[in-house]
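Data block below; observations after.
The values are calculated or read from the model by the stated rules, or taken from the named source; none is laboratory data. Note that the structure is a prediction, hence the values are computed from the model and not measured. A quick note on method: Cβ atoms are made from the backbone with ideal geometry, for glycine too, and the neighbour counts reach across all protein chains shown.
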Amino acid sequence: MEVIAHYLRRVWKWQHLAVALILLTSLLMHVSTIHQPDTPMFDEQHYVEDARAIAAGNGQLRTEHPPAGQLLVAAGIIIFGDNPVGWRFFSVLFGLAAILLFYLICNSLGMSRRAAQIAAFLVAFEVLSFVQASIAMLDVFTVTLMLAAFWLYLRGRYVMSATTVALSTLTKLSGGLALVVTGLHWLLIRRDRPVTFCTSTLLAPALFVIALPGFDYLLSGSMRNPITRILEMLSTSAGLTFATTHHPYASKPWYWVLRPEMMPYWWEPQYVALISFTVGMFIVPVMCYMGYRATRRNDTGAFSAVWFAGTFLIWIPVVLVTDRLTYVYYFYPAIGAVCIGLGCVLDRLLTACRHVTSLFLRHSALALVVAYLAAHLAILIALTPLCSRWISLYAPLFPG
């Protein structure tokens with residue numbers, strides 16, 4: 001018993017216990033809902049169909065996206081079969097990796113343990129992040145590899161970071177936005193090893209061009225001129241505009257922040273692309289605060305601000321100039337930037353109240369933060385299949 005008690009004390013004092021519990025909880029949530037629905041939903045209808053063809057050796061190139069993400073969905077089907085687990089396994093795996101990488105980014109930025117844990121909790125149980133990690137779409141692969149690139153960059157591993165950016169872009173072209181983030185941060189804050197950084201930045205697009213034919217070959221059995229392929233992808237993307245294409249849930253980027261947007265993927269069970277209200281309502285003030293911290297040369301504030309600018313704000317001039325069709329789930333890569341800011345704000349609130357003499361204020365601050373985090377989790381449960389899944393599990397216990 002003493003030995004068991006000793007190890008339990010060690011586990012309780014482990015500095016990464018909180019994030020381990022967050023990862024475990026997220027895994028259990030995904031496992032409990034991975035079979036819902038048992039038919040492809042939303043854009044899964046395209047990617048699963050393509051993955052089936054790839055797994056059967058009859059894959060064809062789709063002009064709008066690079067091939068790496070589709071290959072991952074096909075790999076899931078080959079390993080686990082043509083079923084919901086096969087379609088979504090790698091999405092869930094990458095979603096869990098994204099939480100861990102995000103936590104490592106917080107640590108690399110020098111955030112306090114509590115701030116990093118709060119931020120990781122917010123990312124893990126944010127509706128848009130959870131849903132994108134639950135279904136066979138390309139975005140979770142792109143964002144997870146972007147996060148890996150950010151972490152490697154913050155650790156000074158510029159060449160490895162650029163290589164990971166190339167991999168992210170091979171899943172979806174928006175992965176290249178990671179270069180905007182690291183480039184802005186380097187110019188504003190670091191400016192170290194300029195030759196290495198500039199060379200590695202040029203390496204990312206070069207690796208993308210070099211690797212693209214190989215990934216195309218794995219997908220379709222044929223290699224094509226990478227320049228032609230890139231031009232086709234850009235042309236297909238540019239042709240989808242608000243003026244020429246009607247989609248009931250397309251929306252301009254500024255509406256994602258200024259007005260709540262909900263995009264249904266599936267109704268029963270419920271999958272929606274939605275920025276959690278507990279995150280969305282604070283985007284503007286929190287990012288203004290992080291921008292202020294950036295002007296004070298605070299590294300956490302600076303990286304959060306450029307992350308937000310490079311993955312969200314950049315869409316505003318792009319849409320104004322090109323009229324390109326956009327959707328609320330395009331905000332997914334920017335969620336981490338906002339959650340870093342929220343983690344810092346809540347941590348500072350708790351720290352400030354710890355030094356006040358009023359016991360009431362200290363307890364009130366703690367209760368406020370706990371209530372906020374509980375509401376954040378409750379929103380996830382209510383707006384995802386978790387609610388219907390758990391109701392179906394426990395309904396037989398209450399026959400009346």
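Exactly one residue out of Ser161, Ser129, Ser168, Ser174 is assigned to a helix (DSSP H, G or I), within 15 Å of the chain's Cα centre (by Cα) and free of Cβ contacts under 8 Å to residues at least 40 places away in the same chain: that is Ser168. Give the residue that is modelled with the lowest pLDDT, with candidates limited to residues of the stretch 202-224 that are surrounded by 12 or more Cβ atoms within 10 Å (Cβ to Cβ) and in a loop (DSSP other than H, G, I, E, B). Selected residue: Gly221.
For the residues Thr182, Thr196, the requirement of being hydroxyl-bearing (Ser, Thr, Tyr), buried (at least 22 other Cβ atoms within 10 Å of the Cβ) and touching a helix residue (DSSP H, G or I) at 6+ places or on another chain (Cβ under 6 Å) singles out Thr182.
Number of residues in the stretch 237-254 that are crowded, with 16+ Cβ neighbours inside 10 Å, of a type outside the set (A, V, I, L, M, F, W, C) and assigned to a loop (DSSP other than H, G, I, E, B) equals 2.
Taking the stretch 307-339 as the range and being over 12 Å from the mean Cα position of the chain (by Cα), assigned to a helix (DSSP H, G or I), buried (at least 18 other Cβ atoms within 10 Å of the Cβ) and among the hydroxyl-bearing types (Ser, Thr, Tyr) as the test, no residue passes.
Within the stretch 195-221, residues that are more than 30 Å from His185 (Cα to Cα) and of a type in the set (Lys, Arg) reach no partner that is surrounded by 13 or more Cβ atoms within 10 Å (Cβ to Cβ) and modelled with pLDDT of 95 or more with beta carbons closer than 6 Å at six or more positions or on different chains. Scanning the stretch 75-84 for residues that are in contact (Cβ under 8 Å) with a residue 24 or more places away in the chain and buried (at least 16 other Cβ atoms within 10 Å of the Cβ) yields Gly76, Ile77, Pro84.
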